[in-house]
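Structure record follows, encoded as structure tokens.
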Amino acid sequence: MNIKITGTGSYVPNKVLKNNDFLNHSFLTNDGTPFEIENKEIIEKFSSITGIKERRYAAKSENSSDLAAKAAKKAILNSRTNQETIDYIIVAHNFGDTPYGLKQSNPLPSVASKVKSLLEIKNPKCVAYDILFGCPGWIEAVVQAKSFIKSGMAKKCLVIGTETLSRVVDVRDRDSMIFADGAGATIIEESNKLGGILSHETVTYTDNGEVDILFFGESYEPDNKNQFIKMKGRKVYEFALSHVPEAMKSCLDQSGVKIQNLKKIFIHQANEKMDEAIIKRFYRLYKEKVPPSVLPMNIEFNGNSSVATIPTLLDQVLNGEKKGHVLTEGDIILFASVGAGMNINAITYQV
């Protein structure tokens with residue numbers, strides 16, 4: 001049984017924030033004191049490390065479920081699917097619907113249920129639920145969809161990654177410049193065509209302090225007790241470089257595919273320098289050099305939209321929107337992600 005992605009869709013919000021838009025921000029250190037250097041230098045250093053020049057924010061009227069539904073409609077159309085035949089809608093996110101201007105998210109009902117309603121799917125046997133798995137959420141949702149289909153519990157699944165991280169960032173924290181909004185969607189189903197999901201790997205590390213590397217914490221602004229997304233950037237970088245290449249190798253080895261036959265790697269768009277270092281270490285495990293054009297990126301203009309980054313990037317490549325990156329039937333690609341948990345996962349996939 002071959003289980004394939006038969007349709008993709010993405011939604012990138014129209015609101016653009018460029019790096020210069022942060023020049024007048026009042027950034028603070030984690031102890032609440034101002035930086036001794038000017039914002040221009042902070043932003044230049046930030047851009048050189050992350051590769052981010054601009055990021056996209058949702059409109060005030062848009063929530064994560066709205067972005068997800070817009071991406072889903074495109075995926076459904078792209079796959080020529082009758083949406084009433086979808087058995088599962090699995091939505092990966094981190095903070096759900098967080099309405100603009102409010103201090104808390106809206107967890108009821110699930111984002112997936114809201115998406116089903118927005119799509120106007122009538123079939124009650126189309127089951128909708130959310131998955132919380134950090135940035136690797138979309139990949140893990142694909143793994144779950146594959147399991148449903150392989151077990152006979154489903155024939156077709158809609159898997160979505162969606163975020164409005166702009167609603168949960170601490171404006172006093174310079175790391176807030178990393179995060180962005182967006183959604184990517186895929187139709188997963190059994191196929192008579194060659195390829196599909198060849199192997200997958202998932203691991204969770206919690207026994208050495210990893211559980212606190214990415215967390216929800218108070219603002220750096222004194223007396224502001226509201227909670228925002230926080231991360232220990234250096235530890236994230238060190239953890240990713242130490243563990244992600246190993247998980248990617250385990251996944252690829254399970255597939256039986258030789259590294260020389262790998263066409264593209266779709267890695268979570270977290271940080272350009274970190275992603276490049278991970279790929280370099282991954283190839284080093286095989287005593288190989290990184291081939292040219294193996295790593296498509298969209299972080300420069302999209303920012304880090306967490307679970308949405310990989311399905312959005314895949315949709316852009318398949319639609320010819322990333323210059324120098326083309327996929328043809330039979331190509332072998334690898335999906336990989338790392339994020340809060342700390343979780344790491346990967347999928348070897350044949351287009």
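The values are calculated or read from the model by the stated rules, or taken from the named source; none is laboratory data. All values reported here derive from a predicted model rather than from experimental measurement. Virtual Cβ from ideal backbone geometry, glycine too; neighbours counted across all protein chains shown.
A few points about this structure:
- When the range 131-143 is filtered for residues that are of a type in the set (Val, Ile, Thr) and either under 20 Å from residue 190 (Cβ atoms) or assigned to a loop (DSSP other than H, G, I, E, B) (or both), the ones remaining, listed by number, are 139, 142, 143.
- Some residue of the range 215-234 being modelled with pLDDT of 95 or more and surrounded by 15 or more Cβ atoms within 10 Å (Cβ to Cβ): no
- Filter result (more than 20 Å from the chain's Cα centre (by Cα) and within 23 Å of residue 167 (Cβ to Cβ)) within the range 60-83: 60, 61
- Entirely in the range 253-351, the helices (runs of 4 or more DSSP H) that have 1 or more residues that are among the β-branched types (Val, Ile, Thr) and touching a Gly at 6+ places or on another chain (Cβ under 9 Å): 299-302, 309-318
- Selection from the range 161-178 of residues that are acidic (Asp, Glu), closer than 16 Å to residue 219 by Cβ and outside any helix (DSSP H, G or I): 170, 173
- Residue count for the range 74-130, restricted to those that are touching a Phe, Trp or Tyr at 6+ places or on another chain (Cβ under 9 Å), closer than 25 Å to residue 190 by Cα and buried (at least 17 other Cβ atoms within 10 Å of the Cβ): 12
- All positions within the range 1-40 that are surrounded by fewer than 19 Cβ atoms within 10 Å (Cβ to Cβ) and under 30 Å from residue 149 (Cα atoms): 1, 2
- With respect to (1) more than 20 Å from the chain's Cα centre (by Cα); (2) modelled with pLDDT of 95 or more, the lone exception for residue 163 is condition (1).
- Residue that is nearest to residue 338 (Cα to Cα), among those in the range 90-130 that are among the hydrophobic types (A, V, I, L, M, F, W, C) and assigned to a strand (DSSP E or B): 92
- Residue within the range 272-292 that is farther than 21 Å from residue 210 by Cβ, of a type in the set (Gly, Ala, Ser) and surrounded by fewer than 19 Cβ atoms within 10 Å (Cβ to Cβ) present: no
- Test: residue in the range 115-135 that is of a type outside the set (Ser, Thr, Tyr), within 30 Å of residue 42 (Cα to Cα), at pLDDT 95 or above and not assigned by TED's automatic domain parsing to the domain that holds residue 308: yes
- Inspection of the range 53-64 finds a residue satisfying the criterion of being in a helix (DSSP H, G or I) and modelled with pLDDT of 95 or more.
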